[in-house]
Amino acid sequence: ATSLAQALGDQGDEVLVTQVVPHFDSDLPLVEEYREAMRLVRREGQFSFASLEGYIAGRILCLALAESPDAPDRNTLVRALLALGEFDLGLGVPLKLEKGHQQACHSVWPTIIQGGEVLPFDWKQLRPATDGS
């Protein structure tokens, strides 16, 4: 989204972009933990959707490894991930991995480009296309 905002320049205002993770300014518990982790490694100014997605994937991996009694290898990791069932990391939505279905989250979070920045957006802010505005 940031690259898109830069490419669009002043023509990007009001463009909605959906994300597979919440905005990194969100007050969701997991996002707050992500920002704290970034501060600890002195990357506070480098918050991004990509690094948040990586953080979430890493947290899922750590959770599975912590729950597994077996030494990690490919097969035990797959079993450990599938054994998590439905779980909550603090994203405000439940996550679940299943055999043949490896996408833990089906939510999308909207953002909007304003003044060259990618900002959080709430679907409720959309006005109906038929309202005449």
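The values are calculated or read from the model by the stated rules, or taken from the named source; none is laboratory data. Small disclaimer: the values here were computed from a predicted structure and weren't measured. Note that each Cβ is placed from the backbone with ideal geometry, even for glycine, and that neighbours are counted across all protein chains shown. Each accessible area value is taken on the protein alone, full model and side chains, heavy atoms only, with ligands, DNA and RNA left out. Shrake-Rupley method; radii C 1.70, N 1.55, O 1.52, S 1.80 Å.
Structure notes:
- Alpha-carbon radius of gyration plus Dmax, which is the widest Cα pair, for the chain in Å: 17.8, 62
- Largest-first ordering by accessible area, 1.4 Å probe, given options Arg127, Arg79, Arg35, Arg74: Arg74, Arg127, Arg79, Arg35
- Placing R0 at 22 angstrom, the Cβ-Cβ distance between Trp123 and Asp10 gives a FRET efficiency of 0.30 after rounding to 0.05.
- Three-way shape label, the stretch 6-76, alpha-carbon gyration tensor, a/c 1.5: prolate
- Between Val41 and Ala71, the FRET efficiency from the beta-carbon distance, with R0 = 30 Å, is close to 0.60.
- Computed label-point distance, nm, for sites Glu32 and Ser107 using a 7 Å Cα→Cβ extension: 1.5
- Estimated at 0.36 nm per residue, the fully extended path between Thr18 and Phe87 surpasses their Cα-Cα distance by 22.5 nm.
- Residue with peak Gaussian network fluctuation, the chain [Cα springs, cutoff 10 Å], from Pro29, Pro110, Pro120: Pro29
- Heavy-atom accessible surface of the chain: percent carbon and sulfur, 1.4 Å: 52
- Residue order for Ile60, Ile113 - accessible surface, 1.4 angstrom probe, largest first: Ile60, Ile113
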